[in-house]
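Encoded as structure tokens, the structure appears first; notes follow it.
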Amino acid sequence: MSNRLKFRKYLVLAACFLIMAVSFSIINNITSLFIDPVTKHLRLSISSFSFVFTIGAITTALMSPVIGQLISKVPLKAIMSLGAILAGGGFFCYSLATEIWMFYVIAVIVGIGTSCLTVIPISTAITHWFEDKKGMALGIAMAGAGTGSFIWMQIVSRMLTDLSYQETYAILGLIILVVCLPLTLFVMKMPPDTTIEAKKKEKISYKDIHWSMQLILFALGLFLLGVNISGTKMHIQPYLTHLGHPLTFNANVGSTQAIFALLGNLIGGYVFDKLNLRNSIIIFVSMSLLSYICLIYGAFAPLLFVFAALFGLCLCLPSMLPSYGTSALFGKEHYAMHLGFINMIFTFGGALGPMISGFIADHLNYTLVWVTYFALTVLYSIFLLISLRSKKPQT
């Protein structure tokens, strides 16, 4: 690879990091801060407004296979530029919404934009640009989400104190547009690989994918992983409150988790590159199992910080395993379509997790929630490891 192309691929990596740090972090990780001001101002129930997040997750899931197919036919910059416009413009439109149905409609627009802009296009670009050290490159790109969340959580909480939620929505929407649109127009592109360009001209569809038991087991494992991760993340703070810990303590646990999540993406990328996929999964699943034991005995406060560290490190699994595993198992042939299907299943699991946690916690108790997720962790690790038995070489 020439020096010019080497510079280009690292420029693409930097753009991916920034897009995740701005658009993905704002849209997916800090919107919970708007629940209180929006519901109080518009006199909405928390459950009705929370459904906005569910609509966004379902839209992203349904769009994943569509984006996977489009990437093989449409230039990457066109897809991602449309995504930047829909995501940023849609987020701006939240500032104009006065009825709950308006939030629901806008959530669909933002969900489509996020699908076109973030995980699948970015994973596809990284996979094709970085033949070597793919795990590290994916880890750096996905670390943008953790970095952005840590920064935006502080900024947006202060904005909502000094400004109205409408002004905050509008400013953040404009920031997404101003930062992401130039990056998608002038930086994001696929490498000049003739095989990639040729595939854009092929008439390929999901019928071309080999629907093997390997693919089904891998997708099922990721579905359960999505249930576990989202169901746990969304209920940590309520659980800490349930245990009677003060808000400052809860915030410290959350900050610890955020810091280790950022480290986890970087460490995870290195581990995925240096060790094989099977050993990497075993290492991080073992940490996840230990983290749930810490939650079960969360009445002993120091264990909650151990949980935050272990669980934070494990968050590299949902960040990297769908994209890295898809490449490792199925190669680059029809990569985006494989990833589109797998990401759809994974996202559906993520949408289901918080509801499962809430149902068990409401009707039984939080201890049973964590015991359930401990068991599901064992189950999804079995599915993933079995799917690796007939692992194909990367192409």
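Does at least one position in the range 151-167 carry a residue that is touching a Ser or Thr at 6+ places or on another chain (Cβ under 7 Å), within 30 Å of L70 (Cα to Cα), of a type outside the set (S, T, N, Q) and in a helix (DSSP H, G or I)? Within the range 151-167 (the criterion being touching a Ser or Thr at 6+ places or on another chain (Cβ under 7 Å), within 30 Å of L70 (Cα to Cα), of a type outside the set (S, T, N, Q) and in a helix (DSSP H, G or I)), the answer is no, since none of the residues qualifies. Failed condition for P75, given (1) of a type outside the set (F, W, Y); (2) closer than 18 Å to I27 by Cα; (3) in contact with a Lys or Arg (Cβ under 9 Å, 6 or more places away or on another chain), with all others met? With respect to (1) of a type outside the set (F, W, Y); (2) closer than 18 Å to I27 by Cα; (3) in contact with a Lys or Arg (Cβ under 9 Å, 6 or more places away or on another chain), P75 is out only on (2).
Regarding the range 177-188, can at least one residue be identified that is assigned to a helix (DSSP H, G or I), at pLDDT 85 or above, surrounded by fewer than 18 Cβ atoms within 10 Å (Cβ to Cβ) and assigned by TED's automatic domain parsing to the domain that holds F383? No: zero hits.
Of the residues examined, L33 is not one that is in a loop (DSSP other than H, G, I, E, B) and more than 12 Å from T118 (Cα to Cα).
Condition check ((1) closer than 29 Å to L33 by Cα; (2) touching a helix residue (DSSP H, G or I) at 6+ places or on another chain (Cβ under 7 Å)) across all residues:
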position	(1), (2)
H235	yes, yes
L240	yes, yes
G264	yes, yes
G268	yes, yes
K274	no, no
Y297	yes, yes
P302	yes, no
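For the range 75-125, a tally of residues being more than 30 Å from S48 (Cα to Cα) and surrounded by fewer than 24 Cβ atoms within 10 Å (Cβ to Cβ) returns 6. In the range 75-98, the residue that is nearest to C116 (Cα to Cα) out of those that are assigned to a loop (DSSP other than H, G, I, E, B) and in contact (Cβ under 8 Å) with a residue 24 or more places away in the chain is P75.
Got a sec? Which of L329, L352, L321, L310 is at pLDDT 90 or above and either part of a helix (DSSP H, G or I) or not assigned by TED's automatic domain parsing to the domain that holds D132 (or both)?
On the way: L329 fails: at pLDDT 90 or above; L352 fails: at pLDDT 90 or above; L321 fails: at pLDDT 90 or above.
Checking each option against the conditions leaves just L310.
Consider the range 156-192 and keep the residues that are β-branched (V, I, T) and within 21 Å of the chain's Cα centre (by Cα). The one that is farthest from I126 (Cα to Cα) is V156.
The values are calculated or read from the model by the stated rules, or taken from the named source; none is laboratory data. Computed from a predicted model, the values in this text were never measured in an experiment. Neighbour counts are summed over all protein chains in view; Cβ atoms, including those assigned to glycine, are modelled from backbone coordinates with ideal geometry.
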